[in-house]
Amino acid sequence: MRSVASPSCIILLIILQPSFAISMANPIDIQQGPFVDKAVFTVISAYESKMSALQSGTIDLDTGFIELSDLTTLNEDPNIDVIEFPRHGYGHIIFNCARYPFNISGFRRAFACAFNKTKVAYDLLSGYATLHDSIVPSINHWCIEDLFDYHYYDADPDIGNSILDELGFTIDNVTGFRDAPNGDDFLVTILYHDWPISIGNISEVAAVGVEALNSLHINADLERIEFWYEHYFLPPWNNNYDIVLYETSFPYDTLDWLVTGFGSDYIDSGDWGYYDNLPNFSNETFDLWVDKLRNGKTYNDIYEAATEMQKILHHNVPRLVVYENSYVQGYRTDTFKGHVEDLARHISGTWTLRKIHRIDGTYGGTINVALGQEPDSFNIFTTNSPYSNMILENLYSSLYLRDPNMNPIPDLAESMLVETHSNNSDVPSNHTRFTFDIIQNATWSDGEPLTAEDVAFTFTYIDMSGDYGNPATTELEGFVAADAPTPYTAVIEFDSESYWNFDRFAYTFIIPKHIFNGPLGIGFDHWNTWNPGFNPEDPHVTSGPFILTNFSAGDFYELEQNPSYHWHPNVPSTPSPTTSTPTPTTTISISPIELLLYLVMMVSTATIVVVACLIIDKYRRK
C-alpha cells in the first residue's frame, strides 16, 4: 500500500523535523485526483451500527475508531484491513498548582515517579499506547522526548518517597498517611469522567493514580463527575479540584497551546478556552521563553524555545502524560485500493478520498464513508464540528496543503518569494512580505476563474470581518495587507519576521471574491449568517477536489468529483492509473539541490528568498 518517498521528501524530514520519528511515504503526484466519481458521507452515530455497516459493506470507511473488543472479528474478515495510528494527543493528569500542597513542584514530581505508565500502556491498553513524557505529543515535529535526561515510564515509589521525605511530608504513625509540611493532614481526590478511550477504560487509569499516591503513603480517592472536555472547569469546578484526569487532542505542529496552556498570563483569564492554563501553573523561566516561541524568526529559534519549555514542564510536572494511546481504524479492501495513511485523518481522510480507485485499476465508483455525528454547518467561519471539517476539507482549496506527513506542499501556489527589509528596502523594517505566483488553471464551481484577486480578498475579508466578530481573524496575527498586483500574483504582508507567519495563511481556505464582495455579496458583516447548503438562497461556490451536490441533514452528504479541479487527473473514465499519462499544461520542477538550499536557509536565517516551494521533483497538472 505504501510507495517510495522521493529523495527531496527525505531531505525535508531530516532538516526541518529532526525529532519527528514517524513518517509515511507519499504517493507520487500526491495532489492529483480524485479518481472516484462520488464520496457519500452517511451519519451513523451508534458504534455498533457502524461496525455492522463496515462488515456488511454498506460503508467502505469509518472516520471513527475501533474498540479493542472488535479487533479479532475484523482481523478475521478477508475484506477488511485494520490499521493503527499514533494519536496527536494523550490522556493526562492535571494538578491544581494554585492549591496547597499541589503547588509544590516536588510533590508533583514524586507522583510522576510513582505513577505506573507501563501498567497503563501494556496492561490496561493492551499495548495500544506509547510510553511518553513530553507535554508535546510524540508525532509533533517539536517533541523532544528522546532528549530528556530521565523518564517517568516505570513506577519508582522509592524515589518519590525520598523526594517527599526531603520536602517535609512526614508519615503519621497513627494513620500511616503523610501530613503536609505545614503539619496538616490531607486527602487527594482524583476527578475523572468515565468516557471510553477507544481501547480501555478511564476509571482503571484513574485507579492507577490512587495506587501511585498510596505507594507514597498519601491518602487518596476517586470521584466520578459529569463533564465534557473543557466545560468541567467552569463553575463549580474552576480551581475547586486537586487532580483531574482527562484527554486532550492537539492541532498538528502548532505550539500556541503550549503558551496558553502553561503561560502565567492565562491563569484565571475569565474566558476559558480549550487550551487555557487549567493547572494554574506559573513559572518565571517558562514565561521568559514565551516571546521567543511566538516571535522567533528561524526554525532554530522556535526549536530552542520549545525544547527549554518542554524541559521545564518535564521537571515541574503541572500536567503528567499518563498514556499516549493509539487509534485503530478499519476499512474495506474489496472494492477500492490506493488508501493513503494520513497522520491527520488516518486512513479515512482527504488523501484517501483523492487517491483511492477501484481494485481493477479503473476510475469511477462511489466510496461510502461513515460520520459519527451530523455536521453542524458548512460555514467555514462558524463551524466547530470536526464532522463538518471532514467534508469541507474536500470542497476548498488553499495556497498550500499538508501532505500525509503534515508537511507543506503546494496547492494553488506555484512559487513563493519571501522578503524582509534586509533583502528588499521597500519592505518595512521587521515586516515579512510573501509574493506568490498562482496557478492559472484553477476555477470556481460556478465556472469563474480562481485568481490572485480571490487569494488577496480572502485574507482581507478575514481581517475586515474581524471587526464584526469573525474569530478567523485571530489566526492572522500580525497581518498587514494582501494585494494582487497581477491576475496571478498575490502578495501578503505581516508586521513581524516570525517563523509562524507562513502557517498563519498557508492552509486557509480561499473564498470567491465575486460571491463575498460587492453590494450583492455576503459582505463583511454577514460572515456568521451565511449558511451555505442549508439555506438554498446562500451561494456555496468552492474550488476543491469535490463538490457538494446533494444531502439530507442528519442522514447523508453526497460529494461528486470536481471535473474542473486544478489537480484533476483529466483522464477517461476507464483507463488504468498505472498506464495512463495525463497531459499537463503546466509543469513545475525544482531540483533536490535547490530544495536543499532552500531548507538550509529556512533553518539558518530569518531572511529567506524562495524561488519555488515544492516537495517533490516534479508535479503534473492538467
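The values are calculated or read from the model by the stated rules, or taken from the named source; none is laboratory data. Since the model is a prediction, treat every value here as computed from it, not as a measurement. With ideal geometry, Cβ positions are generated from the backbone for all residues, glycine too; neighbour counts draw on all protein chains shown. Note: accessible area is taken over every heavy atom of the protein model, side chains too, but ligands, DNA and RNA are not part of it. Shrake-Rupley method; radii C 1.70, N 1.55, O 1.52, S 1.80 Å.
Annotations for the structure displayed:
- Residue list for region 489-505, filter: part of a strand (DSSP E or B), surrounded by 20 or more Cβ atoms within 10 Å (Cβ to Cβ) and not hydrophobic (A, V, I, L, M, F, W, C): 493
- Exactly one residue out of 350, 298, 285, 382 is more than 22 Å from the chain's Cα centre (by Cα) and among the β-branched types (Val, Ile, Thr): that is 285.
- Single residue of region 204-256 satisfying the filter (of a type in the set (Ser, Thr, Tyr) and modelled with pLDDT under 95) that is most open to solvent (accessible area, probe 1.4 Å): 229
- Listed by first and then second residue, the pairs with beta-carbon distance under 7 Å, at least 6 apart or on different chains, first residue in region 37-50 and modelled with pLDDT of 95 or more, second part of a helix (DSSP H, G or I), are 39/353; 41/391; 44/50; 44/53.
- For region 178-202, residues that are open to solvent by less than 30 Å² (accessible area, probe 1.4 Å), modelled with pLDDT of 90 or more and of a type in the set (Gly, Ala, Ser) total 1.
- Failed criterion for residue 510 (all others in (1) of a type in the set (A, V, I, L, M, F, W, C); (2) in a loop (DSSP other than H, G, I, E, B); (3) open to solvent by 40 Å² or more (accessible area, probe 1.4 Å) hold): (3)
- Number of the condition not met by residue 369 [criteria: (1) closer than 30 Å to residue 74 by Cα; (2) modelled with pLDDT of 95 or more; (3) open to solvent by 10 Å² or more (accessible area, probe 1.4 Å); (4) not charged (D, E, K, R)]: (3)
- Residue within region 472-485 that is touching a helix residue (DSSP H, G or I) at 6+ places or on another chain (Cβ under 8 Å), surrounded by fewer than 22 Cβ atoms within 10 Å (Cβ to Cβ), in a loop (DSSP other than H, G, I, E, B) and not polar (S, T, N, Q) present: yes
- Checked against the criterion of being in a loop (DSSP other than H, G, I, E, B), open to solvent by 40 Å² or more (accessible area, probe 1.4 Å), under 24 Å from residue 471 (Cβ atoms) and modelled with pLDDT of 50 or more, the candidates 570, 528 yield just one match: 528.
- Region 38-117 holds no strands (runs of 3 or more DSSP E) entirely within its bounds that carry 3 or more residues that are at positive phi and either touching a Gly at 6+ places or on another chain (Cβ under 6 Å) or open to solvent by 10 Å² or more (accessible area, probe 1.4 Å) (or both).
- Hits in region 146-186 (condition: part of a loop (DSSP other than H, G, I, E, B) and without any contact (Cβ under 8 Å) to a residue 40 or more places away in the chain): 149, 150, 151, 153, 154, 168, 170, 172, 173, 174, 183, 184
- Within region 257-271, tally of residues that are modelled with pLDDT under 75 and open to solvent by less than 10 Å² (accessible area, probe 1.4 Å): 0
- Evaluation of residue 378 against (1) closer than 28 Å to residue 56 by Cα; (2) in contact with a Pro (Cβ under 6 Å, 6 or more places away or on another chain); (3) in contact (Cβ under 8 Å) with a residue 60 or more places away in the chain (one fails), failing number: (1)
- Scanning region 424-446 for residues that are open to solvent by 60 Å² or more (accessible area, probe 1.4 Å) and in contact (Cβ under 8 Å) with a residue 60 or more places away in the chain returns 430, 440, 446.
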